[in-house]
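The values are calculated or read from the model by the stated rules, or taken from the named source; none is laboratory data. Please read all numbers here as calculations on a predicted model, not as lab measurements. Positions of Cβ are backbone-derived with ideal geometry, glycine not excepted, and every protein chain shown enters the neighbour counts.
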Amino acid sequence: MASLARNESTLASKRTLLADTAELNDGVPLSERTLGEYVSVLRRMFFVCDIPAWSPVLRSPVRIRSASKHHLADPSLAVAALGATPESLMGDLKTMGFLFESLVAHELIVYARAMDAKVMHYNDDTNLEVDLIVQARDGRWGAFEVKLGADQEDAAAANLNRLEAKMVKRGERGPSVKAVVVGVGAVAHTREDGVKVIPIDALTA
């Protein structure tokens with residue numbers, strides 16, 4: 001659990017998880033089989049709910065990286081497994097950012113399930129990454145970037161617009177919504193480029 005918590009909201013490989021378990025266990029590594037069994041048990045207990053990769057069409061010419069993003073069912077599980085405190089997280093904003101993404105993913109999953117939609121992530125071979133994609137059964141989809149601070153809004157919006165342009169250029173359906181979810185320093189608004197900026201307190205269920 002601690003290794004998964006350390007790699008929350010990342011695409012960390014099995015090799016990385018195994019190395020982490022060795023570090024956390026005084027240098028004694030788990031076998032790949034044992035790791036798989038542990039993760040399988042956590043999935044059956046609904047502690048682990050990984051976020052799959054999104055491919056916009058079945059035969060897309062773009063090479064999509066298919067690895068799932070590690071996600072514990074609630075960010076509080078990761079915080080507890082890490083033994084994190086408010087003070088330690090304020091001193092480690094990178095980890096705080098991954099946990100914040102986990103919180104946003106949790107909220108979007110709650111809404112998506114109510115609408116019979118799915119939550120995924122996007123990562124292709126051009127290094128274009130979008131944190132979260134929500135897709136409805138009828139094919140409509142929305143793209144979400146997650147940033148802890150509003151000062152990252154412009155870069156996040158550029159990423160969303162790049163994905164939209166790529167889809168439209170290929171003759172595929174564009175997003176029904178593009179949004180940046182931020183933690184601090186913003187009020188809800190829609191930018192001139194159509195990207196919505198949503199503070200987390202306007203999103204939480």
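Of note:
- Restricting region 120-147 to residues that are in a loop (DSSP other than H, G, I, E, B) and not hydroxyl-bearing (Ser, Thr, Tyr), the residue that is farthest from the chain's Cα centre (by Cα) is Asp138.
- Which listed residue, of Leu17, Leu93, Leu58, is under 30 Å from Thr126 (Cα atoms) and modelled with pLDDT of 90 or more: Leu93
- Here region 154-177 is the region considered, the condition is being under 21 Å from the mean Cα position of the chain (by Cα), of a type in the set (A, V, I, L, M, F, W, C) and in a helix (DSSP H, G or I), and the residue that is nearest to Leu128 (Cα to Cα) is Leu163.
- Residues of region 109-119 satisfying the condition of being among the aliphatic types (A, V, I, L, M) and either at pLDDT below 95 or farther than 15 Å from Val177 by Cα (or both): Ile109, Val110, Ala114, Met115
Condition check ((1) surrounded by 17 or more Cβ atoms within 10 Å (Cβ to Cβ); (2) among the small types (Gly, Ala, Ser); (3) assigned to a loop (DSSP other than H, G, I, E, B); (4) touching a Cys at 6+ places or on another chain (Cβ under 9 Å)) across all residues:
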| site | (1), (2), (3), (4) |
| --- | --- |
| Leu17 | yes, no, no, no |
| Asp26 | no, no, yes, no |
| Val41 | no, no, no, no |
| Phe46 | no, no, yes, no |
| Pro56 | yes, no, yes, no |
| Val79 | yes, no, no, no |
| Glu87 | no, no, no, no |
| Lys94 | no, no, no, no |
| Glu101 | yes, no, no, no |
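- Those residues of region 179-205 which are touching a helix residue (DSSP H, G or I) at 6+ places or on another chain (Cβ under 8 Å), of a type in the set (Val, Ile, Thr) and closer than 18 Å to Leu108 by Cα, in sequence order: Val180, Val181, Val182, Val195, Val197, Ile200, Thr204
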